[in-house]
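First comes the structure, then the notes that go with it.
The values are calculated or read from the model by the stated rules, or taken from the named source; none is laboratory data. As the structure is a prediction and not an experimental result, all values here were calculated from the model. Methodologically, a virtual Cβ is constructed for each residue, glycine included, from the backbone with ideal geometry; neighbour enumeration extends over all protein chains shown. These area figures cover heavy atoms from the full protein model, side chains too; ligands, DNA and RNA do not enter into them. Shrake-Rupley method; radii C 1.70, N 1.55, O 1.52, S 1.80 Å.
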Amino acid sequence: MPPPTSVVAMTTTVRAAGAAHFLSLVPHLLGFQPSSSLVVVPFAGRRSLGAMRVDLPTGDLDDLDRAAATIVGMVCRIPDADGLTAIVYTPDSAAEGLPGVPLLAAISRAADVCGLHVADLLSVGADGWGSHLDTACPAGGRSLHEIDDAARGAGAPPDPAPVLEHHTAGAELPRRSAAERRAVGHALHAFEAALAVVCGIPRVGRRTPARGDEAVDTDALAAVCELDDPPRLFEAALTLDPATLDPGRVALLTWCLSRPALRDVALVQWATDADGGAAALDAQHRWEDGEDYPERLGRIMWGDGDGPDPDRLRMALAVVREVAALAPRRLRPGPLALCAWLSWALGRSSHAASYAQRALEIDPDHGLAEIMLSFVQVGHLPDWAFRQRGRVR
């Protein structure tokens, strides 16, 4: 089974002066410092097409060959890719020889079968690095200081984005106080009470519905009215400052993202536009009346077709992460699962797995969380991830 994968594109063009310089640029390609990882950088000629990271495959030679075939198969899905460089990052020592030989040999064999040129095979160990194609590489590898020196030298990316410590960094939910969560809980109680009184809709995740004789809060009533136009609600969410969300807004979004039908409308809309959200809402109504769900909308959810605007996905993810951080535990799986999808759609499968696992710890039968975790476990990535372009020359 292929390991968790991250696919990240880089938009800055830099010229790599050599292997050490190239290795100094890889964390900028990925956005994090890889460790215990295999990183594969596909190329079209001398131009890189992004980077892929997987957990270091383990097992016997047959296991490594199967993993290599899957990983190189991902490279083959990238338009224009005709070569690759593979890098093993390991805590093992290079003192008695470069580590990762069996795995990199398996990658080389799989690339040869697929007709891909192998530009380089590199290992970065605890105390040295080197190229397996460099006959002049000294015993014990080269000094790691060469990579550090190259990172500080000429040719570094201009205005580089921060490099995180590891591939799972950044998946932690924002820290929020108990008082902030209580405020959201109160707002959600008022919202659900208004729904029960005005619409007769019971609370999500509780057996006891709100009492029909509860007083209706005016702010909660206004929030209920926003449900008349979900696409407008979800489009407005992209304009919010995640750090200053008011409790009522968080309560409304929490409730919506805990309802699969509305959550799926939000997913499609944030991956397309307001018209896409309206189409998804109409399709949901028609599906509830017995019609088939349109294939073109379903393909978005499965990662097929044209790639979404990554800025929309990032804005949505920032807001939904705040919602997940503040939502009551009983309703947290919905926003967590959507965090998983948004991360997966952005090529951050390790983050997607983290969010999905947290959702399943609360609700072991949560459908979207189960789907997202299965996507990561079998190495399924959105089709558009293979069309993102990064450039290192």
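Segment Q357..A139, full-extension length gain: 74.2 nm, with 0.36 nm per residue of separation and the alpha-carbon distance subtracted. The candidate values are (1) 18; (2) 23; (3) 32; the one derived from this structure for percent of Cα pairs over 36 Å apart carries the label (3). Note on D275/W302: beta-carbon distance plugged into 1/(1 + (r/R0)^6) with R0 of 22 Å gives a FRET efficiency of 0.65. Among H186, H132, H351, the order of accessible area from largest down is H186, H132, H351, computed with a 1.4 Å probe on protein heavy atoms.
Calculated FRET efficiency, A236 and S374, Cβ-Cβ r, R0 30 Å, to nearest 0.05?
Details: r = 32 Å, r/R0 = 1.08.
E between A236 and S374, to the nearest 0.05, is 0.40.
Per residue, the chain exposes 45 Å² of solvent-accessible protein surface, assessed with a 1.4 angstrom probe and all protein chains in place.
The D365 and L164 beta-carbon pair, evaluated with R₀ = 41 Å, returns a calculated FRET efficiency of approximately 0.80.
Among H189, H380, H28, determine the one that fluctuates most according to a GNM of the chain built with springs between C-alpha atoms less than 10 Å apart. Taking springs between Cα atoms under 10 Å, the residue moving most is H189.
Near the amide H of A119, within less than 5 Å, lie the amide hydrogens of L84, T85, all on another chain or at least 5 residues away, with H placed in the peptide plane. The slack between C225 and S177, meaning 0.36 nm per residue of separation minus the straight C-alpha distance, is 14.4 nm.
Counting only heavy atoms of the protein chains and using a 1.4 Å probe, L373 has close to 30 Å² of accessible surface.
Each DSSP beta bridge with both residues in the chain is either parallel or antiparallel, and the antiparallel ones are about 70%.
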